[in-house]
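Read the structure below first, then the notes.
The values are calculated or read from the model by the stated rules, or taken from the named source; none is laboratory data. Source: prediction; values computed, not measured. Glycine gets a Cβ as well: all are built from the backbone with ideal geometry, and neighbour counts include every protein chain shown.
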Amino acid sequence: MRIIIIIATLFITTLSAHAEDGSRLWMRWEESGTAIVNGPDGVAKDELQRYFTGREVTLFVDPDFPDSEGYSISKAVDGAITITAQTATGLLHGAYAALRGDRDVTSRPFFPIRIMNHWDNIDGSVERGYAGKSIFKWDEIDEKRGTMSSDLRLRLTQYSRAEASLGLNGVVLNNVNAQPQVLTSAYIKKMKVIADIMRPYGLHVYLSVNFASPMLIGGLTTADPLNDDVARWWQKKAKEIYKAVPDFGGFLVKANSEGQPGPGDYGRSHTDGANMLADALAPYGGTVIWRSFVYGANHKGEDRVMQAVSEFLPCDGLFRENVLLQSKNGPLDFQPREPYAPIFDRMQNTPQIAELQVTMEYLGQGNHVVFLAPMWKEFFSFVRPDRLKGIAGVSNVGDAVNWCGHDLLQANWYAFGRLAWDPTLSARDIAREWLQLTFGQGDNESLTTMMLRSREACVNYMMPLGLHHLFMFDHHYGPQPDGFRADYPLEWCPVYYHKADSIGVGFNRSSSGTNAVAQYDLPWRTLYDDPRTCPLEYLLWFHHVAWDAPLTTGRTLWQELCWRYRMGVDEVENIKIKYKSAAPLIDSERHEAVSRKLDIMQADARLWRQTCLEYFQRFSKMEIE
Ligand code: BDP
């Protein structure tokens, strides 16, 4: 008998351990089926009926509730709760908040646009994706019948649930480097099937579009935005799209950037291009999201970080009302640390969206643990959220069982969504909430601290003190500080960014250099301009500093550099120790998977330190301390 019990226990333990594959994300509620849920049928009701552990919930639609996506949750003395909202989507957001444990709150989203950008190609590959292939398996959608396999349907439903649980309201299904085929009738029909799955979760679908589509799939000889046939082609496309998907969100456009076509090919401006598309979408309430990530071509010799402002300032105030400008948080490209992008200061008459990268292109990709909420909070400390219309996250999701390829990186998806709903939440609160929901082990201070400090660790072991873009060409994973190729644009070469020489290191962007500081509002403009007042975090971003220059820390620049690289590596050691000691709190399956990743992170951190310091030493001729 005892043996049978032991075997049975072992069997059950194995089974439950096996279930800990990360696939349930932060939505690990057990099915209870105990609650009585009153109110309209829909996903909110279904979710609560299945998972709510209290006794009774009432869903109440109040047309006068002041926000179409928000909700309030109130609790009566007997423990029953009422969720009030104006719409089914509001009720759903309230239901997820209730499942998270929120009570007696009224909540509404801060940003009107909260959107996930997938850099997924229609062939299933994902640009800068580190979690397998795309979840949108276009090939497996039968557009004639409007069907897909039950596996795919389940996956996309789970995905929609996850986004809705965070309160997001939009998903761009495909890569900004857009394949034109996505606008063919077959793909529009496929998109309809996806949109029908997402709609009950309050999600609008958007598409990235290729500006040359009228030529590439429409048979026209031009894509000039001022050509009538071109405008008509887009109007017809818009009509076709909205017939299939009446709540289609709109187009995301990467134009005249990194080889993508755009209005510039015809001597036209960004406003000409964006406004033509905006006019096509306007009758249906659609939006054009135009990206400012543009450099090169027209800006020979201009400091790359200044080019977005130079290019877009002349357009300020000239876009149609349904055009939004989307810019990355920093002026370069998703580096571990950048100062904020001054385009948010300069474009005063254009509604803007901030683009944040949830996928870890420049942050150790699928291997390092870098919790990004502190980085995004840092951005919001410079760019006030109320100056933004929306927030977009470049997704880190793929078809990996645990969605993100790394269990701890699910936290970045979570953090992005939570900040999109409420940018005033603290990084600490988000980390704690996520840990609690994901591992269910109460408040673990050690893990919380580990996550909060991980981003600074990464900055230190990769590129401290304002250094940037020391990455290997193309894949952006490891260090390549000596990177230079005569056949590449200079803006892709690490040596262009650090400018190390026998005197010192750093890019002079002060008023005596490229004067990029002039694009910033006060007080940052003056603070950044002077190496004595420039925060150390940005020192080498804005200044070329002598190796032996004394810093406010009491160390010379060279000593500080060595010290920070060391700190970065040491912190990774700390992260490993903290994670190891949390073993009793985490199921062995996820604990081991993450531990393996931490080993890689540690080896990489050491390599970063060694490669960069040995390289810079060639110029400083000083000893690595
Ligand atoms: C860079 C990526 C590239 C993207 C580009 C973009 O390396 O893959 O296409 O940004 O944002 O960070 O358009």
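Condition first: within 16 Å of the ligand (Cβ to nearest atom), farther than 16 Å from P214 by Cα and polar (S, T, N, Q). Now tell me which residues in segment 260-280 satisfy that.
none
Hand me the list of helices (runs of 4 or more DSSP H) wholly inside segment 337-433 holding 1 or more residues that are under 28 Å from L598 (Cβ atoms) and more than 16 Å from the ligand (Cβ to nearest atom).
373-382, 410-421
Looking at this structure, is S257 within 16 Å of the ligand (Cβ to nearest atom) and either free of Cβ contacts under 8 Å to residues at least 12 places away in the same chain or of a type in the set (S, T, Y) (or both)?
yes
Yes/no per residue for (1) over 21 Å from V172 (Cβ atoms); (2) small (G, A, S):
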residue: M375; (1), (2): yes, no
residue: S381; (1), (2): yes, yes
residue: I391; (1), (2): no, no
residue: V394; (1), (2): no, no
residue: V397; (1), (2): no, no
residue: R418; (1), (2): no, no
residue: P423; (1), (2): no, no
residue: D429; (1), (2): yes, no
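Looking at segment 169-195 only, could you name the residues that are within 16 Å of the ligand (Cβ to nearest atom) and of a type in the set (S, T, N, Q)?
Matches in segment 169-195: N174, N175, N177, Q179.
So, in segment 308-336, how many residues would count as being surrounded by fewer than 21 Cβ atoms within 10 Å (Cβ to Cβ), within 14 Å of the ligand (Cβ to nearest atom) and not in a loop (DSSP other than H, G, I, E, B)?
0
Residues being away from the ligand (no atom under 16 Å from the Cβ) and charged (D, E, K, R): count how many of those fall in segment 92-127.
Going through segment 92-127 one residue at a time, the tally reaches 6.
Is it the case, given these coordinates, that L277 is in contact with a strand residue (DSSP E or B) (Cβ under 8 Å, 6 or more places away or on another chain), closer than 25 Å to L372 by Cβ and not aromatic (F, W, Y)?
no
Please name all residue pairs, on different chains or six or more residues apart, with Cβ atoms under 6 Å, provided the first residue is in segment 44-68 and is closer than 30 Å to I113 by Cβ and hydroxyl-bearing (S, T, Y) and the second residue is at pLDDT 95 or above and surrounded by fewer than 15 Cβ atoms within 10 Å (Cβ to Cβ).
Qualifying pairs under 6 Å: none.
Are there any pairs with C-beta distances below 6 angstrom linking a residue in segment 355-372 that is farther than 17 Å from W403 by Cα to a residue that is assigned to a loop (DSSP other than H, G, I, E, B) and among the aliphatic types (A, V, I, L, M), with the two at least 6 apart or on different chains, and if so which?
Listed pairs, sorted by first residue: L363/V370.
For segment 604-622, name all the residues that are assigned to a helix (DSSP H, G or I) and among the aliphatic types (A, V, I, L, M).
A605, L607, L613
Take H498 and tell me if it is closer than 25 Å to G366 by Cα and either surrounded by 15 or more Cβ atoms within 10 Å (Cβ to Cβ) or of a type outside the set (D, E, K, R) (or both).
When the stated conditions are applied, H498 does not pass them.
Would you mind listing the strands (runs of 3 or more DSSP E) fully within segment 38-96 where at least 3 residues are closer than 22 Å to F111 by Cα?
Filter on segment 38-96 gives 71-75, 81-85.
For segment 547-603, which residues satisfy the criterion of being among the aliphatic types (A, V, I, L, M) and not in a helix (DSSP H, G or I)?
Of everything in segment 547-603, those that are among the aliphatic types (A, V, I, L, M) and not in a helix (DSSP H, G or I) turn out to be A549, L551, A582, I586.
Within segment 104-223, which strands (runs of 3 or more DSSP E) (wholly inside it) include 2 or more residues that are hydrophobic (A, V, I, L, M, F, W, C) and within 18 Å of the chain's Cα centre (by Cα)?
Here the list reads 113-117, 170-172, 204-209.
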